[in-house]
Each structure stands twice: as C-alpha cells, then as structure tokens.
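J.: Let me begin by handing over the structure; questions about it come next.
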Amino acid sequence: MSGDFENALQIGRPPNVAKLFPNSKALIVSGKFIDNAMTAKGNAIAMAANGRNHLIIRGALQAAQKANSVIIIEIARSEGGANAYCAVNYWNIAMQVDAICNELGITIPVAIHADHYGIKKEEDIEGAKIEIPTLFEAGMTSIAIDASHMPDDKNLLANIELTPFVPKWAGLETEVGEIKGKSGLSTVDEALFLIQGLNAHDIFPDWIALNNGTTHGIEASDQGIQVELTSEIHEALSKYKVSGAQHGTSGNNSDRLRAIAAKTRTTKANVATALQMISWGLEVNDYGNAILDNNGDFIKVKDQGMTESMWSEMAAYAESKGIKGGNYKKLNLLFENRLLGQPKEIRERMADRVEEFIYNMLVNIFNAKDSAPLAIEAILAASSYDPGFKADRLENPDEWTREKIIKRAGMISTDKGQSGDFDD
C-alpha cells in the first residue's frame, strides 16, 4: 500500500465508519470526495453501482480497483429500505462493502450512498427523522433525499426539514422531477427554485437529479437522456456549484452517456437494472439493457451468470406469480441466499461478468480511469474526512420563508407528467 493511501486511511474515513470498522483497511469516504475527484478530472462521471446482490458489489469493487477509479456503491429505498425487495439493504450494505474491500485488498476510495430516500407525502417526514440517522449509524456516507414525488414547495420544504438529520460531512443529493421518461421533464425554473431555496437555508447539495428523459428499469424506447436539457439546467445552476446525478442510466447507449460526461456537469451516474441482469447471466446489449425474446421473456446465456438450473427455478417461480420484465427485480430477496449457495466458480463468474461490464463503462464511457488518486489527494489536502461545502450562501433567507416558498412555487409553470409508481 502506498504512503498516500495509508495516510488517507487514517484521516479520510468519517467517524461512523471508523467506529464501525476500527481495524479496517477499506477507504470508505464521504460522497463529497467522489464528486470532488470527478470535478477535478473534468468531464468525468463516477459510477454509482446499485448493489442489488452481494456479487454485484464484489464485481463493482473489482472493476474500480482494476480501473484505479473511485466508485459509489448504493442501494435505493425501494431496493433496500424497510419494505425492501433485495437482501442487500440500507443497514448491511456498508458491512458488505467493508468486508469485500478487506478480503480483496481494495485500495480505491469508495462512498456508500442511500439512494432515493423517498418522501412521497408530508406524513413521511416524521418517520424519516428517526430512520435517516440509523442509516449513518450503519455506515452510510452519502444520501439522496428524494421528495420529488411532491409539488415543488413541499419538495423544497421536506429537504429543508430533513437535511439537519444528515451529517454535514456526508454527500448530499436532491432531486427535482420524478424519473419517468419523457413525461414531466424537469425545467430550469423548477431546478433553480429547489437549489436557490436550499442555498438560502445554508444547504448545499453535492448533486441534483433531474427527470431528463430516462426511466428506471428496462428502457423500452430510445428516448433516453435529453443531453441539451440537462446541460441547460446545469448551466443555470452553475454559480451554486451543484453537480448532476444521472438516473436511469441502464437504458441509454454509450454515445449518449459519453455526451452527458462531455457536455454537462454530471459527476454521478446510477446503474442498477443492468448490473442485476448481467450478474444473473442474461443476454444484454452493449449498454446493459436486457434483450427479450419474441415472447417478451429474458434470454439466459449458457455458462454465464447463475447456473441453468437456478435460472430455470427463478423463471418458473416468476411465471407462477405472473412476474414479467422489470418486475423480476422482486426476485432478489427470495433468491439471494440460493445464489450465494452456488459453487464458488459460479459465484465468481457472476461477479466477474459485472466487473467486465463496469470496467468498460469506467474506462471507455465515464472517463473515470485513474480518478482514485484525485480523491486521495483531496483527502490529504483537506486533512480531514470532511472537505467542506463547495458553495457559499448567495440567497437571502428572508426571501425564502415557508410562506414565501409556497407563494413562489405557485408562480412556477410545471408539468409533473402522469401519476404512478416510479420507484427504482
């Protein structure tokens, strides 16, 4: 291990991580350092890999180590919250990341992110005040407070009310517009309203997620990311020094993702469904979107991912329950232990398939290669686990009281798109 790594290990791990894993050699850091590293490199994006199963996390960490790249390992509330459909969850993901890093000798900085901590109605806020601290007690180093399901004023007010429950050193993501494809696209006015209102309250998010044309799960069309819209919104927010977080990445081709890296201020891109499908051994296209046969069923690649017998069992169970397409994600919780009970060579090929896919994305699409030293440099320069905020307060708090927030929101022309469940 290099001297810089050892020094970063001593000072770069936040207090919750150091307390949980006192003898660890895993460099688990604030999400802020990941954002800082990608900003320093320029036109570069860190992958936020959704660890829907243990073997995805292994493959992701292997890929990042090989690429000498920082990485974020995350799980969303729908995937790993109180009503999870995955065995990996908000409260065990840090333990899994730490254990794998120590086992495999991973020496790149890793952030652990609670993605899409969803607030769907005002009544959710009180429970969140209790639950959010437990995530950080369990080793989380970054969070996305996602109240985008609510009107603009309630979204902003929920963020203001909940941010005090997030450690100041932690990475922070906010969201405007649910991720629902071409319906209800985010606007400059909506994004400015959210970021300006937060700024007035001394809240400086590291990332903002937009509805810029993508969907979660399997992308059914070629609509995809609206690069120009994203660039326009990021430019309007530039003086607030907030980076972009790209959701719904799995359904977008490589050229569009390269354009997001080159033409916008995006430094974080979530990849979830693709990694699930790849780990299982399903046939995907070059950017991870699952390929379906003429009956709308997945295609299992022989001698890839799980065993053929395990896939037959999974597919039969899905058919018996009427589960199709993207809803195969619901099988994660039921089948995790069975996947881990497969022979070592099968588990390794599942992780290795994920590693190959992520390595290619990091090196050839996201421009993330060799970003790990930049994060370590930032830790050493800060001489702390907390790099501080990127932005300063520019807005007048007197203009952003609760009453004025509600009044301002009423002046925004907005189209939230169709209603429905757009969780991960």
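The values are calculated or read from the model by the stated rules, or taken from the named source; none is laboratory data. Note that this is a predicted model, so its numbers are computed, not measured. Every residue, glycine among them, receives a Cβ derived from its backbone with ideal geometry; neighbour counts consider all protein chains shown.
J.: Would it be correct to say that residue 103 is of a type in the set (Asp, Glu), free of Cβ contacts under 8 Å to residues at least 12 places away in the same chain and part of a helix (DSSP H, G or I)?
T.: yes
J.: Under 9 Å between Cβ atoms, at least 6 apart or on separate chains: pull out the pairs that start in the range 146-157 with a residue that is surrounded by fewer than 24 Cβ atoms within 10 Å (Cβ to Cβ) and end on any residue that is polar (S, T, N, Q).
T.: Between residues of the range 146-157 that are surrounded by fewer than 24 Cβ atoms within 10 Å (Cβ to Cβ) and residues that are polar (S, T, N, Q), the close pairs are 149/155; 151/414.
J.: Can you name the residue in the range 64-92 that is under 15 Å from the mean Cα position of the chain (by Cα) and hydroxyl-bearing (Ser, Thr, Tyr) and, of all such residues, is surrounded by the fewest Cβ atoms within 10 Å (Cβ to Cβ)?
T.: For the range 64-92, the residue satisfying everything is 78.
J.: Count, please, the residues in the range 130-169 that happen to be under 16 Å from the mean Cα position of the chain (by Cα), not hydrophobic (A, V, I, L, M, F, W, C) and not in a loop (DSSP other than H, G, I, E, B).
T.: Residues flagged as under 16 Å from the mean Cα position of the chain (by Cα), not hydrophobic (A, V, I, L, M, F, W, C) and not in a loop (DSSP other than H, G, I, E, B) within the range 130-169 amount to 2.
J.: If we keep just the residues of the range 85-100 that are part of a helix (DSSP H, G or I) and of a type in the set (Gly, Ala, Ser), which is farthest from residue 63 (Cα to Cα)?
T.: Checked the range 85-100; the qualifying residue farthest from residue 63 (Cα to Cα) is 94.
J.: Identify the residue in the range 217-233 that is among the hydrophobic types (A, V, I, L, M, F, W, C) and at pLDDT 70 or above and, among all such residues, is nearest to the chain's Cα centre (by Cα).
T.: This residue is 225.
J.: Mind checking whether some residue in the range 357-371 is free of Cβ contacts under 8 Å to residues at least 60 places away in the same chain and either within 28 Å of residue 269 (Cα to Cα) or not polar (S, T, N, Q) (or both)?
T.: Within the range 357-371 (the criterion being free of Cβ contacts under 8 Å to residues at least 60 places away in the same chain and either within 28 Å of residue 269 (Cα to Cα) or not polar (S, T, N, Q) (or both)), the answer is yes, since at least one residue qualifies.
J.: Another question, then. Can you name the residue in the range 292-327 that is touching a residue at least 40 places away in the same chain (Cβ under 8 Å) and within 18 Å of residue 87 (Cα to Cα) and is also nearest to the chain's Cα centre (by Cα) among such residues?
T.: 326
J.: Residue 424 - would you say it is buried (at least 16 other Cβ atoms within 10 Å of the Cβ), modelled with pLDDT under 95 and not in a helix (DSSP H, G or I)?
T.: Against the criterion (buried (at least 16 other Cβ atoms within 10 Å of the Cβ), modelled with pLDDT under 95 and not in a helix (DSSP H, G or I)), residue 424 qualifies.
J.: Given the structure, is residue 177 buried (at least 20 other Cβ atoms within 10 Å of the Cβ), within 17 Å of the chain's Cα centre (by Cα) and modelled with pLDDT under 95?
T.: Yes: the conditions hold for residue 177.
J.: With over 25 Å from residue 86 (Cβ atoms), over 21 Å from the mean Cα position of the chain (by Cα) and modelled with pLDDT of 95 or more as the only criterion, which of 372, 378 stands out?
T.: 378
J.: If a residue must be more than 15 Å from residue 385 (Cβ to Cβ), within 16 Å of the chain's Cα centre (by Cα) and among the polar types (S, T, N, Q), how many such residues does the range 21-63 contain?
T.: The total comes to 2.
J.: Hey, can you tell me all the residues within the range 1-40 that are modelled with pLDDT under 95 and assigned to a loop (DSSP other than H, G, I, E, B)?
T.: The answer is 1, 2.
J.: Return the residues of the range 70-90 that are in contact with a helix residue (DSSP H, G or I) (Cβ under 7 Å, 6 or more places away or on another chain), in contact (Cβ under 8 Å) with a residue 24 or more places away in the chain and under 29 Å from residue 5 (Cα atoms); say none if nothing qualifies.
T.: 70, 71, 72, 73, 75, 88, 90
J.: When you scan the range 252-277, how many residues do you find that are closer than 19 Å to residue 34 by Cα and either of a type in the set (Ser, Thr, Tyr) or free of Cβ contacts under 8 Å to residues at least 12 places away in the same chain (or both)?
T.: Summing the residues that are closer than 19 Å to residue 34 by Cα and either of a type in the set (Ser, Thr, Tyr) or free of Cβ contacts under 8 Å to residues at least 12 places away in the same chain (or both) in the range 252-277 gives 3.
J.: For the range 23-63, what are the residues that are surrounded by fewer than 24 Cβ atoms within 10 Å (Cβ to Cβ) and closer than 25 Å to residue 205 by Cα?
T.: Hits for the range 23-63 are 39, 40, 41, 42, 43, 44.
J.: Quick one: in the range 264-299, of everything that is at pLDDT 95 or above and over 20 Å from residue 58 (Cα atoms), which residue is surrounded by the most Cβ atoms within 10 Å (Cβ to Cβ)?
T.: 266
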